[in-house]
Amino acid sequence: MKLAASLHDLHKYYDLGSVVVKALRGVSAEFPKGDFVAIMGSSGSGKSTMLNVLGGLDRATHGDYVLGGHNVAQLGDDDLSRIRNQMIGFIFQSYNLIPQYTALENIEVPLHYRPGYPAIGEAERNRCIDLGEMVGLGDRLDHRPYQLSGGQQQRVAIARALVNDPEIILADEPTGNLDSATEEEIMAILDRLNRQGRTIIMVTHEPEVSMRAKRRIHMKDGLIEREDNATAT
Amino acid sequence: MHLSRLIRTIQLALKSLMLHKLRSGLTMLGIVFGVFSVIAMLAIGEGASQQAQDQVLELGAMNIIIRSIKPPEDTGQSGGGNRSRVLSYGLKWTDFHLLDKTIKTKSKAIPVREIVQEARHLHRSLNVRLVGCTPEYMEVNHLELSQGRFLTDEDQQQLTNYAVIAHETAQELYGIEDPVGSSILVGGASYQIIGVTRPRTASAAVGGSLSGQDYNKDVYVPLETLRSRMKDLVIRVSAGSFSAEEFQLNQITLLIKKREDVIPTSDVVRESLLLDPDHVQKKDFAVVVPLELLKQADQLRWIFNIVLGSIAAISLVVGGIGIMNIMLASVTERTREIGIRRALGARQIDIIQQFLMETVVLSGIGGIVGVLLGLSTPYAFLGIQWFVEAFVLEAGSGDSELARIFSDMKPQIAYWSLPVAFGISVFIGIVSGLYPAFAAAKLDPIEALRHE
């Protein structure tokens, strides 16, 4: 079993001057390729911090984070940017699209920051269009975010997350702002991506959503409290 | 940086700026006016100094001009009881011969004598400047003839009583009559007119020791003729008092062969003339070196340009502050966008480049518009002149001297100021963009993503 990502005794402390907040206090976890895992926990449990570290947005105080075979725990800012660009696809609760760009341009944004800054060619543009069609946006690619519904915006975000063919997809409450019908559509897309072999790590606090994952990690007070892999059938 | 990436960064910058057209336009306006005022100020300064330079050049850069000056009153002792005393001063023929013989760097030495006299023709009269001169006078003073000929060496030798009169003299005394061939009475002596000069613009006063000269009311006669007729005495009767002055020459002009000899020669001239104790005592001559004046004018021009340019540059700095202000607001406003870009893989340097490019594009376009506006300065100024003359002066502001200076002003674009002003505007764009760009890049991506 090949690992997409793994955490080993990961600690993250925030020094607030008078107190030191220990957000992660020794977390170890393995995410095999093709995994679909939901991270759960109440607010303050450390799940957001874990997601930030997994996403290369934050550095652990100590411990190891191995992503695609590289230990990325202690990389500098520029290297982390590169990791985020090449190995991680983000899907946010609030979509986080750039408002002045069309859907297609939003999908292309990660291409602008590829190492060496190659120009975006015909082939890449077609790939972006294909991705847009794959998430069901075919006729809306020239729309700007304010012209799109929440579900459509999240589809753009999913296409954008896939554009550099990342090692893992990190979804932070991907359906948190959506109604239940749209939630179902988005989850169906994530299911399909996972079946195609994508590794998905999703943070959520909704039990029904978490049941779509293959397994669940429950966090509490900066530690993994328990894991379960019951399926929702 | 690859060209494709550069183009992409510029496109990105344009796109962001186009999002807020009014805001970008107003910000740009600060730079536009800054660049425009730098160019316009320098053009006005350049125009003024060009006029000063032209005046000096008119005197001839290769010339050394030695003028007689009236000594200060106290050395003349022209007290009440001393009115019969003849004031004797100025350059003498001996000075001329001395300079003519000893100064080897000159090609010519030209003596001139001028007296203001009344000229008559029939019943008409006019106060003219009677100039005793040699044939070279015409060339040195850029005179041109409209009729007849100028004086020749033969006229000098034969003491002919020929005269060449200036344009205005001819008009005043002869009207539509053809003056050539008629006679003119100047200071009681009669001369026959052989030529008329064209109108010439008056030369302005230069350097204090050389007053302005109006060449249009002149009568030119051979110096030798004048000398033989008038001797060296000038008698003036004014307001009941009577004064007599004795002097021989008003001016000696030396034409120097090589430019680099001009200034050393002028020192030699001064020293040679001061060998005569009369000159030492009376301080009755002045040496004017147009080349020296030219250098002074050049220095003055630089000071002028620097002062005017700096004043204008302040407005550019104000424009730069405007840019910084807007960019800081823009960074705050687009914190979320910065967070998104960082999460998707933008490095800090990418963010810096993005924001810096926005300010560079902003100030660059502003700079180009400012340069184009600046190019129109002379025409814009003509419009202002017309407006002021038509409405402000018409209303009778009364300050005619100021009005004259104003209408004589002729801005001249200093072409070097175009790239300089543009360069400064881009430089200011970069400087004022640096802080906002770094502030944007330093944002913590997690915080930035959370920003509402």
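Identify, from the list A:ASP165, A:ASP142, the residue that is more than 10 Å from chain B (Cβ to nearest Cβ), at positive phi and of a type outside the set (Lys, Arg).
Numbers: A:ASP142 fails: at positive phi.
That would be A:ASP165, the only listed residue that is more than 10 Å from chain B (Cβ to nearest Cβ), at positive phi and of a type outside the set (Lys, Arg).
List the number of the failed condition for A:VAL27; all other conditions in (1) buried (at least 19 other Cβ atoms within 10 Å of the Cβ); (2) under 28 Å from A:PRO110 (Cα atoms); (3) touching a strand residue (DSSP E or B) at 6+ places or on another chain (Cβ under 9 Å) hold.
(2)
Only one of these is over 26 Å from the mean Cα position of the chain (by Cα) and of a type in the set (Ser, Thr, Tyr): B:SER266, B:SER272. Name it.
Working: B:SER266 fails: over 26 Å from the mean Cα position of the chain (by Cα).
Going through B:SER266, B:SER272 in turn, just one is over 26 Å from the mean Cα position of the chain (by Cα) and of a type in the set (Ser, Thr, Tyr): B:SER272.
Hey, does segment B:336-349 have a residue that's open to solvent by 10 Å² or more (accessible area, probe 1.4 Å) and under 28 Å from B:PHE422 (Cβ atoms)?
Within segment B:336-349 (the criterion being open to solvent by 10 Å² or more (accessible area, probe 1.4 Å) and under 28 Å from B:PHE422 (Cβ atoms)), the answer is yes, since at least one residue qualifies.
With the condition kept exactly as written, say whether any residue in segment B:123-137 is crowded, with 18+ Cβ neighbours inside 10 Å, among the basic types (Lys, Arg) and not in a helix (DSSP H, G or I).
yes
For segment B:358-374, state whether one or more residues are on the phi < 0 side of the Ramachandran plot, open to solvent by less than 40 Å² (accessible area, probe 1.4 Å), of a type in the set (Ser, Thr, Tyr) and more than 14 Å from chain A (Cβ to nearest Cβ).
yes
So which residues in segment B:41-71 are in contact (Cβ under 8 Å) with a residue 12 or more places away in the chain, assigned to a helix (DSSP H, G or I) and not hydrophobic (A, V, I, L, M, F, W, C)? Show your work before the answer.
Here is the first cut: in segment B:41-71, the ones in contact (Cβ under 8 Å) with a residue 12 or more places away in the chain are B:41-53, B:55-71.
Among the residues that remain, those that are also assigned to a helix (DSSP H, G or I) are: B:41-53, B:55-59.
B:GLY45, B:GLU46, B:GLY47, B:SER49, B:GLN50, B:GLN51, B:GLN53, B:GLN55, B:GLU58 - these are the residues of segment B:41-71 that are in contact (Cβ under 8 Å) with a residue 12 or more places away in the chain, assigned to a helix (DSSP H, G or I) and not hydrophobic (A, V, I, L, M, F, W, C).
Output the residues belonging to segment A:1-13 that are modelled with pLDDT under 90 and exposed (fewer than 14 other Cβ atoms within 10 Å of the Cβ).
A:MET1, A:LYS2
Output the residue which, of all residues in segment A:71-95 that are small (Gly, Ala, Ser) and crowded, with 21+ Cβ neighbours inside 10 Å, is farthest from A:ILE217 (Cα to Cα).
In this case the residue turns out to be A:SER81.
For segment B:203-227, name all the residues that are open to solvent by 50 Å² or more (accessible area, probe 1.4 Å) and modelled with pLDDT of 70 or more.
B:ASP214, B:LYS217, B:GLU224, B:ARG227
Given the structure, is B:SER330 among the polar types (S, T, N, Q), in contact with a strand residue (DSSP E or B) (Cβ under 9 Å, 6 or more places away or on another chain), open to solvent by less than 10 Å² (accessible area, probe 1.4 Å) and part of a helix (DSSP H, G or I)?
Numbers: among the polar types (S, T, N, Q): yes; in contact with a strand residue (DSSP E or B) (Cβ under 9 Å, 6 or more places away or on another chain): no; open to solvent by less than 10 Å² (accessible area, probe 1.4 Å): yes; part of a helix (DSSP H, G or I): yes.
Criteria not met by B:SER330.
Just one of A:PRO110, A:PRO99, A:PRO174 is outside any helix (DSSP H, G or I) and either within 26 Å of B:LEU3 (Cβ to Cβ) or within 12 Å of chain B (Cβ to nearest Cβ) (or both); which is it? Give the steps one after another, and end with the answer.
Working: A:PRO110 fails: outside any helix (DSSP H, G or I); A:PRO174 fails: either within 26 Å of B:LEU3 (Cβ to Cβ) or within 12 Å of chain B (Cβ to nearest Cβ) (or both).
Exactly one residue qualifies, and that residue is A:PRO99.
Which number in (1) more than 23 Å from B:GLN11 (Cβ to Cβ); (2) open to solvent by 10 Å² or more (accessible area, probe 1.4 Å) marks the one condition that A:ILE186 misses?
(2)
If a residue has to be assigned to a strand (DSSP E or B), open to solvent by 20 Å² or more (accessible area, probe 1.4 Å) and not aromatic (Phe, Trp, Tyr) to count, how many in segment A:14-24 make the cut?
Within segment A:14-24, residues that are assigned to a strand (DSSP E or B), open to solvent by 20 Å² or more (accessible area, probe 1.4 Å) and not aromatic (Phe, Trp, Tyr) number 4.
Consider B:LEU308 against the criteria (1) surrounded by fewer than 24 Cβ atoms within 10 Å (Cβ to Cβ); (2) modelled with pLDDT of 90 or more: it satisfies all of them except one. Which criterion is unmet?
(2)
Considering B:VAL280, B:VAL287, which residue is surrounded by fewer than 19 Cβ atoms within 10 Å (Cβ to Cβ) and in contact with a strand residue (DSSP E or B) (Cβ under 6 Å, 6 or more places away or on another chain)? Can you show your working first?
Values: B:VAL280 fails: in contact with a strand residue (DSSP E or B) (Cβ under 6 Å, 6 or more places away or on another chain).
That would be B:VAL287, the only listed residue that is surrounded by fewer than 19 Cβ atoms within 10 Å (Cβ to Cβ) and in contact with a strand residue (DSSP E or B) (Cβ under 6 Å, 6 or more places away or on another chain).
Scan A:GLY68, A:GLY46 and give me the residue that is more than 9 Å from every other protein chain (Cβ to nearest Cβ), at pLDDT below 90 and crowded, with 22+ Cβ neighbours inside 10 Å. Explain how you work it out, then say what you get.
Values: A:GLY68 fails: crowded, with 22+ Cβ neighbours inside 10 Å.
That would be A:GLY46, the only listed residue that is more than 9 Å from every other protein chain (Cβ to nearest Cβ), at pLDDT below 90 and crowded, with 22+ Cβ neighbours inside 10 Å.
So is A:LEU137 within 21 Å of A:TYR113 (Cβ to Cβ) and more than 14 Å from chain B (Cβ to nearest Cβ) or not? Can you show your working first?
Values: within 21 Å of A:TYR113 (Cβ to Cβ): no; more than 14 Å from chain B (Cβ to nearest Cβ): yes.
For A:LEU137, the condition - within 21 Å of A:TYR113 (Cβ to Cβ) and more than 14 Å from chain B (Cβ to nearest Cβ) - is not met.
Looking at segment B:427-452, which of its residues are without any contact (Cβ under 8 Å) to a residue 40 or more places away in the chain and part of a loop (DSSP other than H, G, I, E, B)?
The first filter runs over segment B:427-452 and keeps only residues without any contact (Cβ under 8 Å) to a residue 40 or more places away in the chain, leaving B:427, B:444.
Answer for segment B:427-452, where residues must be without any contact (Cβ under 8 Å) to a residue 40 or more places away in the chain and part of a loop (DSSP other than H, G, I, E, B): just B:ASP444.
Every residue, every condition in (1) modelled with pLDDT of 85 or more; (2) open to solvent by 40 Å² or more (accessible area, probe 1.4 Å); (3) not small (Gly, Ala, Ser), yes or no:
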{"site": "B:THR75", "(1), (2), (3)": "no, yes, yes"}
{"site": "B:SER78", "(1), (2), (3)": "no, yes, no"}
{"site": "B:LEU98", "(1), (2), (3)": "yes, yes, yes"}
{"site": "B:PRO111", "(1), (2), (3)": "yes, no, yes"}
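Step by step: first the residues of segment B:1-37, then only those that are small (Gly, Ala, Ser) and at the interface with another protein chain (Cβ under 10 Å from one of its Cβ atoms), then the one that is surrounded by the most Cβ atoms within 10 Å (Cβ to Cβ). Which residue is that? Break it down into steps so the answer makes sense when it comes.
Step one: of segment B:1-37, the residues small (Gly, Ala, Ser) are B:4, B:13, B:16, B:24-25, B:30, B:34, B:37.
Subsequent filtering for residues that are at the interface with another protein chain (Cβ under 10 Å from one of its Cβ atoms) retains B:4, B:16.
Numbers: B:SER4: 12, B:SER16: 20.
Residue satisfying both the conditions and the ranking: B:SER16.
The values are calculated or read from the model by the stated rules, or taken from the named source; none is laboratory data. Here the structure is a predicted model, which is why all the values come from computation and not from measurement. We place every Cβ from the backbone using ideal geometry, glycine too, and count neighbours over all the protein chains shown. When the accessible area is computed, the model is the full protein with side chains, heavy atoms only, and any ligands, DNA or RNA have been set aside. Shrake-Rupley method; radii C 1.70, N 1.55, O 1.52, S 1.80 Å.
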